[in-house]
Amino acid sequence: MGRFSAGNPGGPGNPHAGQVAKLRAAILRAVDEGDIETIIVKLVEQAREGDLTAAREVLDRTIGKASQSDLLARIEALETIAAGLSEDRA
């Protein structure tokens with residue numbers, strides 16, 4: 001019987017999946033839209049203050065993680081955005 005044949009159960013699966021699902025559900029019950037917004041505002045504030053970890057998180061979540069193929073284009077786009085932010089603050 002091959003690995004992908006009909007009737008092959010495919011193994012036990014993830015033994016922790018049920019517990020992870022319960023934890024995610026608990027988090028979703030505890031957090032509302034306002035909490036998420038407060039967290040994001042603080043993260044962006046930390047990024048603006050020079051926290052590179054926060055900046056990376058904000059950028060990865062908004063424009064996506066850079067791949068080698070589009071790294072130069074993303075850097076140029078970020079430089080344009082940064083120049084605009086500098087002008088807004090001046």
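Every read-out reported here was derived from the displayed coordinates using simple, explicitly stated rules and does not represent laboratory data. Quick caveat: nothing in here was measured; it's all calculated off a predicted structure. Ideal geometry is used to build each Cβ from the backbone, glycine not excepted, and the neighbour counts take in all protein chains shown.
Give me the base-10 log of I(q)/I(0) for region 17-89 at each q in 0.18 Å⁻¹, Debye formula, one uniform scatterer per Cα, rounded to two decimals.
Cα-only, vacuum Debye calculation for region 17-89: -0.88.
Name the trypsin sites (Lys or Arg not before Pro) in region 6-65 that are in a loop by DSSP and that have at most 14 other C-beta atoms within 10 Å, would you?
For trypsin sites (Lys or Arg not before Pro) across region 6-65 that sit outside H, G, I, E and B with at most 14 neighbouring Cβ atoms in 10 Å, the list reads 65.
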